[in-house]
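Asker: One structure coming up, written as structure tokens, with questions to follow.
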Amino acid sequence: MIQLTNAPQKEKANPAARKVSDLSGRLSRVLRDLRKNSAFIFMSLPGILLVLVFSYLPMPGIIIAFKNFKANLGLWDSAWVGFKNFQFLFATDIAWRITINTVFLNTIFIITSIVGSLCLALLLNEVRIKFLARFYQSAVFFPYFISWVIVGLFGYALLNYDNGLLNMTLDKLGLDRIDWYKSPTLWPAILTITNLWKGAGYWSIVYLAAMMGISPEYYEAAELDGASRWKQIIRITLPLITPLIIINFLLSVGRIFFADFGMFYYVTRDSKLLYPTTDVIDTYVFRALRQLGDFGMAGAAGLYQSVVGFLTIMIANWVVKRIDPEKSIF
Amino acid sequence: MTTYRSFSMYRFSKNLSQWIVNITLMLVSFIFLLPLIVVISASLSDEKALTTQGYSLLPQQFSLAAYEYIFMGPERLVRAYSVTIFVTITGTLLGLLIMSMLAYSLSRQEFKFRKPFSFILIFTMLFSGGLVPTYLLITQVLHLKDNILVLILPYLVIPWFVFILRSFFAGLPQELIEVARVDGASEWRIFFQLVLPLSTPALATVGLFLILVYWNDWWLSLLYINDPNLFPLQYLLYSIMRNAEFLTSNNSTSMLIGVELPTQTLRMAMVVIAMGPIAIAFVALQKYFIRGALIGSLKG
């Protein structure tokens, strides 16, 4: 393809080009296209420019992972150090810890979220009283609208040592209090519940919509054959929404290397004692950047995430495309 | 319907399963709403009673002290509210305009750069430079630190929303656009006077999600805002979560001196105040959000 933006200039600056009739033909075609498309170009320009600035301009900055970054020298003049940052990162057990935590917790989240929201959707699908159905939907969908900062404060009301709801309840039952924010072993479970609470409503409504899209004829036929409601769920509802479940599963697996920073930062209250089980790649990168000021390490961990994440997304997308091209990202 | 089984047996088993379903869902709903109930109760509690008797489902010694304090209008809170409202309104309107213009051109077959431009958007969903390069760009190159624009610009174009809008525009009756074109209407006129009015459902859905994105954002302020005058609501909440005195550490609140700060109840009342608008919008406009969830999952 010709460089489109340079095309008009070239024509003026270099009259020799006009001699080549083929080239001038192409140029005039490009010009015509530009004129014909000028409205669309101007319409799309602000959006495209914003994406170029905020998503593409940072990309060359990944070289920071290979530099000994000094703020006073700037990115370009800081010394190259090859793979040293990566060597440091992988020499400690940090890289191992954050990778395992990220992948392990995301795996649990994906499974519990699919099972949980599916069960919820099946239950919601059975409700016959409209008013109640609306109430249930609102109640489970509600957490989706709350920011992680607020979820963090919700958590504090339930979990804080001195007067949180859970410890007060343990008191009443005559049991020992638990110092939740200092007990790392409890947190995979707490975060799984939090994740389920926050997202199950959204996903159950997605599944519910798919269930309501199933033709009633299937159920009528099954009823005539004397199939129980339970049998109908197993034999009709679930098989018919399985494609959607698989697609959602694969798309989540594609993002298995990316953690939900807000949950890990606010819900754990960034408690250092919890890092062994809750420190993930995203929180580590943030901490290395903002609290430790170690740009090289932060950059190395970030690039590691971007590259491996890119691969998992590509693989997941490739599989999705083979199953259902409509649902793939591209 | 029930010819094949004894009528009363059938009614009974059907009713029983309905009861089981409803009781289960009642319990689930209660568990989902539990943290909300606890927080609202705490915000309506007396500070001392909350400290000694702890959080519970009902207010400990009903008291409005925390709300009284809030409605005295501490300057920090009023500022944070105005920052959030300004950012949300500006970001949502500007984002809707820019994204729908982009999505519309991408939906038109005649547009020559449709494919490369779509690819530019899609690629950002696969690979990103990551936090560190973005942070350096915004702070060192664009110098947007402590600038209100940094709370707006990065979310103006969200590829996912662009594709939702694009598939909606592509589904509009193309003959209408063709007729308008034959009548001599310019592309701009077609877009603003024909396409946009026809697209209010899609615009409403994406607009509501944008409102949610801006209202709930703490990420950009966590990274790029140090000036307390530019703290949005969510970041103010985070700051008082770490230190409740933060709300008063400001010389212009002298009128509040002498009032003892109800630390714990105040935090919880702040949560309620920050959630309020979103909760009301959510209840009132739920069907749009649900529709959005569906478009998002079905992607055109």
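Asker: In terms of the ratio Rg/(2.2 N^0.38 Å) built on C-alpha atoms, what value belongs to the range A:14-95?
Answerer: Normalised Cα radius of gyration, the range A:14-95: 1.96.
Asker: Full-extension gain between residue A:218 and residue A:310, please, as 0.36 nm times their residue separation minus the C-alpha to C-alpha distance.
Answerer: Working: separation 92, 0.36 × 92 = 33.12 nm, distance 4.12 nm.
Extending this stretch completely gives an extra 29.0 nm.
Asker: When the helices in chain B are scored as -39500 (n - 2.57) per DSSP H run of 4 or longer and the sum is shared across all residues, what 222 nm value do you end up with, to the nearest 500 deg cm²/dmol? Present the calculation step by step, with values, prior to reporting the outcome.
Answerer: Details: 13 runs with 191 residues, N = 300.
That calculation yields -20500 deg cm²/dmol at 222 nm.
Asker: Evaluate the Kirkwood expression for the hydrodynamic radius of the range A:66-220, namely the inverse of the mean inverse distance over all pairs of different C-alpha atoms, and round to one decimal in Å.
Answerer: When all Cα pairs of the range A:66-220 are included, the Kirkwood radius is 19.9 Å.
Asker: Can you give the Kirkwood hydrodynamic radius of the range B:7-67 from its Cα pairs, in Å with one decimal? Before the final figure, lay out the partial values.
Answerer: Details: mean 1/r = 0.0717 Å⁻¹.
Averaging 1/r across every pair of different Cα atoms and inverting gives 13.9 Å.
Asker: Now a separate question. Calculate for chain A the 222 nm mean residue ellipticity that helices alone would give, adding -39,500 (n - 2.57) per DSSP H run of length 4 or more and normalising by residue count, nearest 500 deg cm²/dmol.
Answerer: -20500 deg cm²/dmol
Asker: Provide the buried accessible surface between chains B and A in square angstrom, both chains summed, 1.4 Å probe, rounded to the nearest 100.
Answerer: 8700
Asker: May I pose another question? List the extent of the Cα atoms of the protein assembly as shown along each of their three principal axes, largest first, rounded to whole Å.
Answerer: Sorted largest first, the three principal extents are 95, 77, 53 Å.
Asker: Can I ask one more? If I take R0 = 25 Å and measure r between the Cβ atoms of residue B:175 and residue A:45 in this structure, what FRET efficiency does the formula 1/(1 + (r/R0)^6) give, to the nearest 0.05?
Answerer: Using R0 = 25 Å, I get an efficiency of 0.35.
Asker: With every protein chain kept in place and ligands, DNA and RNA left out, what is the accessible area per residue of the range B:74-261? Probe 1.4 Å, answer in Å².
Answerer: Accessible area per residue, the range B:74-261: 41 Å².
Asker: Using a 10 angstrom cutoff on alpha carbons, build the Gaussian network for chain A and name the most mobile of A:281, A:256, A:214.
Answerer: A:214
Asker: Explain nothing, just the number: relative contact order of chain A, from Cα pairs under 8 Å at least 6 residues apart, as a whole percent.
Answerer: Answer for chain A is 23 percent.
Asker: Could you state the number of Å between the C-alpha centres of the range A:230-292 and the range B:144-214?
Answerer: 30
Asker: Return the FRET efficiency for the residue pair residue B:147, residue B:15: r is the Cβ-Cβ distance, R0 is 60 Å, and the value is rounded to the nearest 0.05.
Answerer: So, using R0 = 60 Å, E works out to roughly 0.45.
Asker: Another question about this same structure. With each pseudo-label sitting 7 Å past Cα toward Cβ, what's the residue A:68-residue B:78 distance in nm, one decimal?
Answerer: Here the answer is 5.3 nm between the modelled labels.
Asker: Further question: Ratio of Rg to Rh for the range B:155-240, alpha carbon only, Kirkwood?
Answerer: Ratio of gyration radius to Kirkwood radius: 1.20.
Asker: Could you work out how much longer the chain between residue B:226 and residue B:213 gets when fully extended? Use 0.36 nm per residue separation minus the Cα distance between them, nm to one decimal. Intermediate values should be presented prior to the final figure.
Answerer: Working: separation 13, 0.36 × 13 = 4.68 nm, distance 2.08 nm.
Roughly 2.6 nm would be gained on extension.
Asker: Using only C-alpha positions, report the orientation-averaged shadow area of the convex hull of chain A, nm², one decimal.
Answerer: Hull-based average projected area comes out at 28.0 nm².
Asker: Using a 1.4 Å probe over the heavy atoms of the protein chains, calculate the carbon and sulfur portion of the accessible area of chain A as a whole percent.
Answerer: Working: 10760 of 16460 Å².
Accessible surface attributable to carbon and sulfur in chain A totals 65 percent.
Asker: 5 Å is the cut-off here: which amide hydrogens, built 1.01 Å from N in the peptide plane, fall below it relative to residue A:67, excluding neighbours closer than 5 in sequence?
Answerer: Excluding prolines and chain starts, which carry no amide H, the hits are A:81.
Asker: Also: Could you state the number of Å between the C-alpha centres of the range A:166-199 and the range B:225-241?
Answerer: 28
Asker: For chain B, what is the relative contact order in percent, using Cα pairs closer than 8 Å and at least 6 residues apart in sequence? Walk me through the intermediate numbers first.
Answerer: Details: 280 pairs, mean separation 85.8, N = 300.
So the answer I get is 29 percent.
Asker: A follow-up question, please. Please work out the ratio of the alpha-carbon Rg of the range A:128-200 to 2.2 N^0.38 Å and round it to two decimals.
Answerer: 1.35
Asker: Also: Considering only B:19, B:218, B:160, give the residue with the highest GNM mean-square fluctuation for chain B, with springs between Cα atoms whenever their separation is below 10 Å.
Answerer: Looking only at B:19, B:218, B:160, the largest GNM fluctuation is found for B:19.
Asker: Rounded to the nearest percent, how much of the accessible area of the range B:1-143 (1.4 Å probe, protein heavy atoms only) is carbon and sulfur?
Answerer: Using a 1.4 Å probe with all protein chains present, the range B:1-143 comes out at 72 percent carbon and sulfur.
Asker: Another question, then. Just need the Rg to Rh number for the range A:141-289, please, alpha carbons only, Kirkwood Rh.
Answerer: Answer for the range A:141-289: 1.12.
Asker: Can you work out the FRET efficiency for the pair residue A:183 and residue B:183, with r the C-beta to C-beta distance and R0 = 56 Å, to the nearest 0.05? Mind dumping the intermediate values first?
Answerer: Numbers: r = 71 Å, r/R0 = 1.27.
The value I calculate is 0.20.
Asker: Under the √(5λ) rule applied to the eigenvalues of the Cα gyration tensor, what semi-axes describe the equivalent ellipsoid of chain B? Give them in Å, descending.
Answerer: 42, 35, 17
Asker: Report the residue, chosen from A:183, A:252, A:306, that carries the largest GNM mean-square fluctuation when chain A is represented by alpha-carbon nodes joined by springs under 10 Å.
Answerer: Of A:183, A:252, A:306, the most mobile in the Gaussian network model is A:183.
Asker: Using θ = phi - 60° and the Karplus curve 6.51 cos²θ - 1.76 cosθ + 1.60, what whole-Hz ³J(HN,Hα) does each residue of the range A:243-255 get, with Gly and Pro shown as x?
Answerer: x, 4, 4, 4, 4, 4, 4, 5, 5, 5, 4, x, 9
Asker: Between residue A:324 and residue B:51, what is the label-point separation in nm under the 7 Å Cα-to-beta-carbon projection?
Answerer: Each label point is offset 7 Å from its Cα along the Cβ direction, giving 5.6 nm.
Asker: Quick check for you: with a 1.4 Å probe and neighbouring chains kept, what is the accessible area per residue of the range A:85-327, in Å²?
Answerer: Solvent-accessible surface per residue comes out at 45 Å².
Asker: Okay, next question. Shape of the range B:21-108 from its Cα gyration tensor (a ≥ b ≥ c, root eigenvalues): rounded if a/c is under 1.5, otherwise prolate when a/b > b/c, or oblate?
Answerer: Oblate.
Asker: Report, to one decimal in Å, the Kirkwood hydrodynamic radius for the range B:1-160 based on all distinct Cα pairs.
Answerer: 22.6
Asker: Also: Can you list residues whose amide H is under 5 Å from residue A:160's amide H, if they're 5+ apart or on another chain and H is modeled 1.01 Å from N?
Answerer: Answer set, sorted by chain and number: A:165.
Asker: Right, another one. What distance in nm lies between label points placed 7 Å from Cα along the C-beta direction at residue A:79 and residue A:22?
Answerer: 5.3
Asker: For the range A:257-330, count the residues as N, evaluate 2.2 N^0.38 Å, and divide the Cα radius of gyration by that value, please.
Answerer: Rounded to two decimals, the normalised Rg is 1.39.
The values are calculated or read from the model by the stated rules, or taken from the named source; none is laboratory data. Predicted model only: the values in this text are computed from it and were never measured. So basically every Cβ, Gly included, is an ideal-geometry build from the backbone, and we count neighbours across all protein chains shown. Just so you know, the surface numbers come from the protein's heavy atoms only, side chains and all, with ligands and any DNA or RNA stripped out. Shrake-Rupley method; radii C 1.70, N 1.55, O 1.52, S 1.80 Å.
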